[in-house]
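What follows is a single structure, written as structure tokens, with notes after it.
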Amino acid sequence: MRPGNVISYDYTVAKYFLFTTIIFGVIGMLVGVIISFQLAYPDLNYIAGQYSAFSRLRPLHTNAVVYGFMLSGIFSTWYYVGQRVLKVSMAESKFLMTIGKLHFILYVIAVLLAVVTLLMGITSSKEYAELQWPIDILIVVVWVLWGVSIFGLIGIRREKTLYISLWYYIATFLGIAMLYLFNNMAIPTRLLTGMGDWWHAVSMYAGTNDALVQWWWGHNAVAFVFTVGILAQVYYFLPKESGQAVFSYKLSLFSFWSLMFVYLWAGGHHLIYSTVPDWVQTMGSVFSVVLILPSWGSGINMLLTMRGEWNQLRESPLIKFMIWATTFYMFSTLEGPILSIKSVNALAHFTDWIPGHVHDGTLGWVGFMTIAALYHMTPRIFKREIYSKKLMETQFWIQTIGLVMFFTSMWVAGITQGMMWRATDEFGSLAYTFMDTVNALIKYYWIRAIGGFLYLVGFIMFAYNMYKSFTTGRVLDAEPRNASPMAA
């Protein structure tokens with residue numbers, strides 16, 4: 001490219017992943033709403049025989065949301081952000097463009113195979129790692145292709161400095177690559193014994209060791225998909241949308257390196273009061289509490305980026321999504337360490353407080369930030385303004401109400417559950433049966449289900465707003481510099 005020429009970015013692959021983000025988001029959240037109503041009204045388990053049982057739909061929900069919706073959003077934003085911060089177009093390299101398209105095709109095949117196998121009940125029964133070994137191998141290939149895309153684009157860049165978002169995308173790639181390989185090491189039973197189904201395998205670890213590796217993965221999948229990949233987005237999109245420079249690059253680097261060092265050691269808090277050594281449990285608790293520092297470092301950095309520009313919060317629903325996402329990030333990363341303290345964990349573990357905590361982070365932080373990133377990208381990728389500002393504003397409030405109903409009902413349900421489980425009478429016997437606790441929680445399950453339904457309604461409004469933007473939004477003559485244009 002000659003000096004002075006404007007780079008023409010190629011968003012083909014970013015568009016592909018943007019579409020799958022929306023499609024998998026609708027599917028994953030719809031399944032989530034169904035299983036939340038199943039908890040309130042168990043007869044719904046039988047609406048489609050074995051295929052609608054909670055035990056099959058629940059892993060389908062988590063996989064569709066985490067690896068379908070959230071990961072698609074990370075990939076889509078990478079193929080958008082990567083080109084812009086590195087000042088290079090995908091169109092300049094046929095090799096990288098081919099890698100990007102192959103990455104998308106194999107990713108979709110892997111997700112579809114996951115949907116089919118989970119509905120058939122084919123699972124390894126390890127949380128967030130339910131898929132069997134043939135799909136695991138396909139996912140490794142998908143991940144390698146993404147790595148080639150990242151480092152290939154970095155290799156041909158014109159911008160020498162790597163912006164902080166790139167650090168987070170690289171960390172997402174390296175972290176998941178290491179964790180996924182170790183956690184999913186398994187031996188196919190048919191190869192070893194000549195018996196059983198060809199897709200079945202057993203873990204290379206056993207007993208407590210298997211639990212340790214599983215939660216080393218489970219907790220750090222949260223770190224490197226839910227957290228690091230989304231921080232890459234907020235560090236790019238909030239400054240771009242608000243027109244404000246990042247408050248402190250030193251603080252962003254401090255947060256990055258301390259997050260990388262601390263997060264990997266915090267997974268032991270999932271195994272408090274289990275058979276793992278006590279020092280491992282204590283280490284998990286201590287590192288979880290220390291984790292507040294880097295988490296809040298990024299959160300405060302983003303909030304201070306808006307200094308002097310808080311009026312944008314009143315005027316732009318897109319800024320609302322980003323600030324609300326950051327707020328929920330800080331809220332969730334304070335709640336998590338509190339839950340990891342042994343005395344609190346003794347009450348909260350295995351109760352509904354835990355899914356409440358997970359959802360205020362994933363729906364509030366990850367969901368809102370992914371939605372905001374796609375809204376920001378749309379006028380720049382499709383060269384059309386966002387179809388409706390009013391629809392976006394309405395979506396924001398409906399999803400916020402649904403989210404608050406969801407996690408507050410689960411908090412109350414969890415504390416109620418924990419207190420009833422530990423209550424004893426004057427003879428030292430348990431005061432309540434398990435069914436007593438279930439009956440006490442039904443009303444909270446209804447509130448959660450309705451809250452989840454409202455969040456889904458908001459997401460469908462988002463999908464409609466995006467569709468109308470692609471097809472009928474006003475055509476833009478020039479790319480907006482910061483605030484995204486949107487109709488009334």
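The values are calculated or read from the model by the stated rules, or taken from the named source; none is laboratory data. Nothing here was measured: the structure is a model prediction, and the numbers come from that model. Please note: Cβ atoms are built from the backbone with ideal geometry, for glycine as well, and neighbour counts cover all protein chains shown. The area values use the complete protein model at the heavy-atom level, side chains included, leaving out ligands, DNA and RNA. Shrake-Rupley method; radii C 1.70, N 1.55, O 1.52, S 1.80 Å.
Of note:
- Radius 13 Å from Cβ of Ser55, net charge of other residues (Lys, Arg +1; Asp, Glu -1): 0
- Helices in the chain that qualify as membrane-span-like (whole DSSP H runs, Cα extent of at least 30 Å along the helix axis, mean Kyte-Doolittle hydropathy of -0.5 or higher) are 12-40, 94-119, 133-155, 317-340, 389-422, 434-472.
- Residue-averaged [θ]222 nm for the chain, counting only DSSP H segments that reach four residues, each worth -39500 (n - 2.57): -23000 deg cm²/dmol
- The protection proxy used here, the mean number of other Cβ atoms lying within 10 Å of each residue, ranks peptides 377-383, 149-155 as follows, highest first: 377-383, 149-155.
- For the range 349-404, Kirkwood radius (reciprocal of mean inverse C-alpha pair distance, Å): 12.9 Å
- The listed peptides 21-30, 432-441, 73-82, 386-395, ordered by packing as a protection proxy, come out as 73-82, 21-30, 386-395, 432-441 (highest mean of other Cβ atoms within 10 Å first).
- Relative contact order, whole percent, for the chain stands at 15, derived from Cα pairs under 8 Å and 6 or more residues apart.
- If you model the range 78-156 as an ellipsoid using its alpha carbon gyration tensor, with each semi-axis the square root of five times an eigenvalue, the axes come out at 31, 11, 10 Å, biggest first.
- Computed log10 I(q)/I(0) for the range 44-105 at 0.13, 0.20, 0.27 Å⁻¹: -0.54, -0.81, -1.08, from the Debye equation with unit scatterers placed on every C-alpha and solvent omitted.
- Computed over the range 104-146, relative contact order equals 41 percent, with contacts defined as Cα pairs under 8 Å that lie 6+ residues apart.
- Here the Kirkwood formula, the inverse mean of 1/r across different C-alpha pairs, assigns the range 6-55 a hydrodynamic radius of 13.3 Å.
- Reach of Lys15 by Cα under 18 Å, taken over aspartates and glutamates that are not fewer than 8 positions away in the same chain: Glu92, Glu385, Glu479
- What the pair-distance distribution of the range 344-488 shows, using all Cα-Cα distances binned every 10 Å from zero, is 11, 31, 22, 16, 11, 6, 2, 0 percent.
- Computed over the range 322-475: relative contact order in percent, which uses C-alpha pairs under 8 Å that are six or more apart: 32 percent
- Inter-label distance, nm, simple model (7 Å from Cα along the C-beta direction), Thr327/Thr12: 4.2 nm
- Probing with 1.4 Å while keeping every protein chain in the model, the per residue accessible area of the chain equals 43 Å².
- Scanning residues 5 or more positions from Val202 or on other chains, those with amide H under 5 Å from its amide H are Ile187, Thr189, with H placed 1.01 Å from N in the peptide plane.
- For Gly402, neighbours were defined as the other residues whose beta-carbon sits under 12 Å from its Cβ, and their charges (Lys and Arg +1, Asp and Glu -1) total 0.
- Solvent-accessible area assigned to carbon and sulfur over the chain amounts to 70 percent, based on a 1.4 Å probe.
- Per residue Cα convex hull volume in Å³ - calculated over the range 120-206: 118 Å³
- Shape analysis of the range 414-480 yields a ratio of the Cα radius of gyration to the Kirkwood radius, Rg/Rh, of 1.48.
- In this entry, the range 26-143 is assigned a mean projected area of 8.3 nm², taken as a quarter of its C-alpha convex hull surface.
- Take each peptide in 186-192, 131-137, count the other Cβ atoms within 10 Å of every residue, and average; sorted highest first, the result is 131-137, 186-192.
- Alpha carbon centroid spacing (whole Å) that separates the range 382-456 from the range 106-151: 30 Å
- Theoretical FRET efficiency, 1/(1+(r/R0)^6), r = Cβ-Cβ of Trp198 and Thr161, R0 41 Å, to 0.05: 0.25
- By the rule of a C-alpha distance below 20 Å, with chain neighbours fewer than 8 residues away ignored, the lysines paired with Lys389 are Lys240, Lys320, Lys468.
- Over the range 286-365: Kirkwood hydrodynamic radius from C-alpha pairwise inverse distances, Å: 13.8 Å
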